[in-house]
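Here the structure comes first, spelled out in structure tokens, and everything after it is commentary.
The values are calculated or read from the model by the stated rules, or taken from the named source; none is laboratory data. In this text, all values refer to a predicted model and were calculated from it rather than measured experimentally. Please note: Cβ atoms are built from the backbone with ideal geometry, for glycine as well, and neighbour counts cover all protein chains shown. With ligands, DNA and RNA removed, areas are computed over all heavy atoms of the protein, side chains included. Shrake-Rupley method; radii C 1.70, N 1.55, O 1.52, S 1.80 Å.
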Amino acid sequence: MKKFNIRKVLDGLTAAAAASSSSSQPGQRPPDSDIVETLCSEHFQLCKTVRHGFPYQPSAMAFDPVQKILAIGTQTGSLRLFGRPGVECYCQHDSAAGVIQLQFLINEGALVSALADDTLHLWNLRQKRPAILHSLKFNKERITFCHLPFQSKWLYVGTERGNVHIVNVESFTLSGYVIMWNKAIELSSKTHPGLIVHISDNPMDEGKLLIGFESGTLVLWDLKSKKGEYRYSYDEAIHSVAWHHEGKQFVCSHSDGSLTIWNVKSPIRPAQIITPHGKLPKDGKKPESCKPILKVEYRTCKSGDPFIIFSGGLSYDTVGRRPCLTVMHGKSTAVLEMDYPIVDFLTLCETPYPSDFQEPYAVVVLLEKDLVVVDLGQNGYPIFENPYPLDIHESPVTCCEYFADCPVDLIPALYSVGAKQKRQGYSKKEWPINGGNWGLGTQSYPEIIITGHADGSLKFWDASAITLQVLYKMKTSKVFEKSRNKEEKPNTDIVDEDPYAIQIITWCPESRMLCVAGVSAHVIVYKFSRQEVTTEAIQMLEIRLHYEINDLESPDTDQIPTLGTSCPGPNSQTANSQSHPSTSSSSSDGLRDNVPCLKIKSTPLKQGAGYQAEVVIQLVWVNGEPPQQISSLAVNSSYGLLVFGNCNGIAMVDYIQKTVLLNLGTIELYGSNDPYQRQPKSPRKTRQTSGGLCDINEGSTTLDDRCKSPTSGSASSCNSEDEQKLPNFIERVKNKSRKFSKTVVSDIAKMSRKLSLPTELKPDLELGQSRDQRHNHHPEEMKQLKKNVWSMTSLCAYFLNVRDNSFSRSRSSSVTSIDKESREAITALHFCETYTRKADTCTSPCLWVGTTLGTVLVIVLNLPPGGEQRLTQPVIVSPSGTILRLKGAILRMAFLDTTGSLINPAHEPWREPNVQEEKDDKDKCRKLRPVSVSPSSSQEINETQYTVICSEKQAKVISLPSQNCIYKHNITETSFVLRADIVGLNGSICLACFCANGHIMTFSLPSLRPLLDVNYLPLTDMRIARTFCFTNNGQALYLVSPTEIQRITYSQGTCENLQEMLGELFTPVETPEAPNRGFFKGLFGGGAQSLDREELFGESAAGKPSRSLAQHIPGTGGIEGVKGAASGVAGELARARIALDERGQKLSELEERTAAMMYSADTFSKHAHEMMLKCKDKKWYQF
């Protein structure tokens, strides 16, 4: 149970009282503000725009060969429709049941979907957002297979009971015509044939229906005579059936990996049995069984051998072999290996008529995590280059960032370097799925999405105008040594898999500076270059960022005796510039210490055009514990500084001079102003400074001195030898006395690391045994420590007793109370140029730091002048003493000027780093730097600024330099904010928040008036929390599934224009002409025979169906939906337009029919007249 702390309550009451006394109510204008807010609630509306990526968990596929549209259904009930590149559509069934089959009404602009909940749906695709026209729910039987013949309105539905029902797709009602399983099979059969796995009509005779049962029985049913004409039986279960276009043969695939080819009129035995991948025994017996062939297609060519294409059927002894698609063409057999299991495949043919030569030209293969299109027209069967953004999940997405209104030259720059990365060997033909038309996009601003992945890669996407196209890919793991075999593992126990996974991305579009933080507590700084370079050695800095909290709590810090600790001399700082320092060491008890999690490559690294690594920063192990993962990150190209933090503290790096400027525990940032009176475990083990470690002397150095650049001067002198040994020994004594406590602390740390990791990474949190490492302690020192064991023990006891007081806690309570107070993480970092103290009259460069306890601290940056001095003189970092408090962890900070406009952090314009510029150009660029050199040289500006700070619970607007809270708003009481961003919209700015309870809210700035509050999406997965982000112009996105990105908008203007921006799936296309029957086929009846299905299946002939079998559910989409939903004048106009269109269409059809009838009547009249003239003078016996 968490211990109650009365001081926390008192502090909270004091802070609340102070805030209420100094803040204005939302909606009021402070007396010193002349800001006019232009945003109002009418500017906001929330809606989904588009969904990108590969359909998650696909289950079915269909293709319209005339419209050239591909449909994919998933196990979660969603539909994705693809036309030409850039034309995509997402739909969702309300029931969220899995899609088991899809059937296009070819060239009709409609699609039938069959779901696992035994429901059929008819989708209208003639509108930009497809909707359901009709639904039919089966109550007594389970749907297993559907078949819709070309140019037919009657859908055959097979069920689990073995029956076949017929549905009219126009009215979506059942016919009274039913094929019962007991009538279809032979009367002598005593067993149920199983569920229906296949239904198809004979390509040459629509009146003959082939029904396949799971047990291996097939029946050729005569629809007119209502009886089975032929019955075929095989010992193995059937998975699929395919017809030869002449209707005289069909092929079946079976569960033993065999294919049987049957002649229609020879039902006794198959004409041929093939086991394509089975080994033939020498004695001529039956080939060995193989894995099931799940699907087969039989396609014919006019000039050449037919294609038999199937999936599965591999031999059982091919262990570990990837899934395959087999293409049999004549005597050749090609086995195409796939990266993922095959869900379904379709052969794309030149004609939609099953009775004609199909002429296949491609195969669309739907895999579990990919979509592959194989070119059948070229040797070797190459694949088409996929133009859709379906490889977002190539490696699991771990984080993403969204940038709207980027510099116009950025997308061309990324595209130019990304074009060099394209793979070769693709088919030279155009992408065959090219239906639909593009929308008329009105958005002209560039948008870029960056995704970080589990393998350490990053992808840059062009997201302009609701499309998505990959621009550039990069791998951060290239700078690290990779294990050559499975036994060699990285030195990290944070995760067993994916040690390079990206956690945080920070990018400055203007300067093109990129900084990423990985799961192994590493940070890499990248610069953009158009030229390829070879880096001899990547610069590396190692930081020992570790801070421990004492188990005891004291309200009075003055009573604590100061114990000096050893500190590095000035000479040790020269190791900061080493490329690959050797820091591997062990602590006195053999634990891993000063070891980074990853090893940098020691060989020269060739870096292509694009982003090139500048410096790598790694946190190291401390006393056998791995470094904590990085929780926040910020970079500023104008200052040349990088800062990051975790639950231990904060570190700042000058990436220009490759030095560590700041390395402090979070509590050390407070100085003497810590409201929780937490104390460090003192004395602490001496920190090693090799390889750029920045040591902080806790006893003899003030905070101001510790925050200076390492090159600014020598550190304070070291204390006596006994004092140097004291911290190490006390640590050893306390380690033994707190063995149980450290175990619990370690477990909690492991749990926190587990929660912070992506769910896809599945880290193994068990700390392995540390490897043998060399000791740093000299044997003589160890002997001396053993001698003085009693004196040291007594001193340690004295140290602990002095710190004990009325607020001390028992050992058990201190262990169970290790919560936010003892693990105050850095959650927000923001570089800016503003007022740092109340008395400031001018702005200066500074860093604002936010923590999990709702504290905001300000650090002042004293930057040297530009030019050569920036490369040699140190950056001075010092605390300002300013502390602001909010409720909940700090998420976002921003600054406004006196007019309410957003003050963007200073940045340098991008320049090619690998080109030697002229001296005059360099000086000119440096003079244009938008950075104040130092506070003293800044111009005095008496204008007010405002800082906007948003935490998990509330938002505040604070006036600067007075630091008065002028506006405050409690965002949520029962939940917490997951993501907050200050974004631009309609020429103004607002605060956008996404809460864990699913609410998306926006607030005006600076008054924090609520503008939008919509319950959009409850937090059902940590993936959403990890990837949700807002950006300018009312755009936002999140990872809706492991493979898909969902984009949304909260802008009213975008919602209104969305209909125009979306592409059209259906375009008017003439249906190809039916194949010519030829003179002899027409004369002797050898061509395809049509069937009047209306006469057979209509109510007049078949009777009424059973009412209890299925229930019709009217839909709300399409023309019916428009008629029902439209209202007012616009609705009346829409209805009138629709009625006119319908009337015009019917009149056009009537006119065509009338003309055809007139022509027929005229022809008949001519023939009758000719016959009359011929027979007029003949006698009766001449006939």
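When residues in the range 164-190 are screened for being open to solvent by 30 Å² or more (accessible area, probe 1.4 Å) and under 27 Å from V296 (Cα atoms), 3 of them pass.
Filtering L280, L367 for residues that are of a type in the set (A, V, I, L, M) and surrounded by fewer than 19 Cβ atoms within 10 Å (Cβ to Cβ) leaves a single hit, L280. With respect to (1) at pLDDT 95 or above; (2) under 28 Å from T535 (Cα atoms), the lone exception for S483 is condition (1).
Total residues in the range 1008-1022 satisfying the condition of being at pLDDT 95 or above and hydroxyl-bearing (S, T, Y): the figure is 0. Any idea how many residues of the range 272-296 are farther than 25 Å from V335 by Cβ and at pLDDT 85 or above? The qualifying residues number 0.
Here T326 passes the criteria (1) open to solvent by less than 30 Å² (accessible area, probe 1.4 Å); (2) within 23 Å of E246 (Cα to Cα) except the one numbered (2). Number of residues in the range 819-843 that are modelled with pLDDT under 90 and either farther than 19 Å from T666 by Cβ or more than 34 Å from the chain's Cα centre (by Cα) (or both): the value is 3.
Taking the criterion of being hydrophobic (A, V, I, L, M, F, W, C) and in a strand (DSSP E or B), the residues of the range 379-415 that qualify are I383, V397, C399, C400, F403, A404. Only one of the listed residues (E614, E625) is within 30 Å of S416 (Cβ to Cβ) and surrounded by fewer than 22 Cβ atoms within 10 Å (Cβ to Cβ). That residue is E614. Each residue in the range 149-163 was checked for being open to solvent by less than 10 Å² (accessible area, probe 1.4 Å) and either without any contact (Cβ under 8 Å) to a residue 40 or more places away in the chain or among the aliphatic types (A, V, I, L, M) (or both), and 4 of them qualify. Residues of the range 613-672 that are closer than 22 Å to I600 by Cβ and part of a loop (DSSP other than H, G, I, E, B): W621, P626, P627, Q628, Q629, I630, G640, N646, Y655, I656, Q657, K658.
For every residue, the table says whether it meets (1) within 21 Å of V1069 (Cα to Cα); (2) under 33 Å from the mean Cα position of the chain (by Cα); (3) charged (D, E, K, R); (4) not in a strand (DSSP E or B).
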| site | (1), (2), (3), (4) |
| --- | --- |
| Q101 | no, yes, no, no |
| N107 | yes, no, no, yes |
| L111 | yes, yes, no, no |
| W123 | yes, yes, no, no |
| R129 | yes, yes, yes, yes |
| S135 | no, yes, no, no |
| E141 | no, no, yes, yes |
| V157 | no, no, no, no |
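Scanning the range 64-89 for residues that are more than 25 Å from F150 (Cα to Cα) and open to solvent by 10 Å² or more (accessible area, probe 1.4 Å) returns Q75, T76, P85, G86. Pairs, please: C-beta under 9 Å, at least 6 apart or cross-chain, first residue free of Cβ contacts under 8 Å to residues at least 60 places away in the same chain and in the range 870-894, second assigned to a helix (DSSP H, G or I)? Sorted first by the residue in the range 870-894, then by its partner, the list stays empty. Restricted to the range 966-1054, the set of strands (runs of 3 or more DSSP E) holding at least 1 residues that are within 20 Å of the chain's Cα centre (by Cα) and surrounded by fewer than 23 Cβ atoms within 10 Å (Cβ to Cβ) comprises 977-985, 999-1004, 1029-1031, 1035-1041, 1044-1051. Among residues of the range 590-613 that are closer than 22 Å to W507 by Cβ, those with a Cβ under 7 angstrom from a residue that is charged (D, E, K, R) and in a loop (DSSP other than H, G, I, E, B), sequence gap 6+ or separate chain, pair up as Q607/E532; G608/E532; A609/R530; A609/E532. Contact map, the range 1033-1046: first residue more than 17 Å from D462 (Cα to Cα), second residue open to solvent by 10 Å² or more (accessible area, probe 1.4 Å) and assigned to a loop (DSSP other than H, G, I, E, B), Cβ cut-off under 7 Å, separation 6 or more or different chains; pairs are S1041/Y56; P1042/Y56; P1042/H393; P1042/P396; P1042/E760; T1043/Y56; T1043/K369; T1043/H393. Here V516 meets the list (1) open to solvent by less than 10 Å² (accessible area, probe 1.4 Å); (2) modelled with pLDDT of 95 or more; (3) over 27 Å from E908 (Cβ atoms) almost entirely, failing just condition (3). Of all residues in the range 406-427, those satisfying the criterion of being over 23 Å from the mean Cα position of the chain (by Cα) and touching a residue at least 60 places away in the same chain (Cβ under 8 Å) are P407, A413, S416, V417, K420.
Please work out if D593 is over 24 Å from G867 (Cβ atoms), surrounded by 23 or more Cβ atoms within 10 Å (Cβ to Cβ) and of a type in the set (D, E). So D593 passes the test.
If you check R269, R321, R231, which single one turns out to be touching a strand residue (DSSP E or B) at 6+ places or on another chain (Cβ under 6 Å) and surrounded by fewer than 20 Cβ atoms within 10 Å (Cβ to Cβ)? The conditions single out R231.
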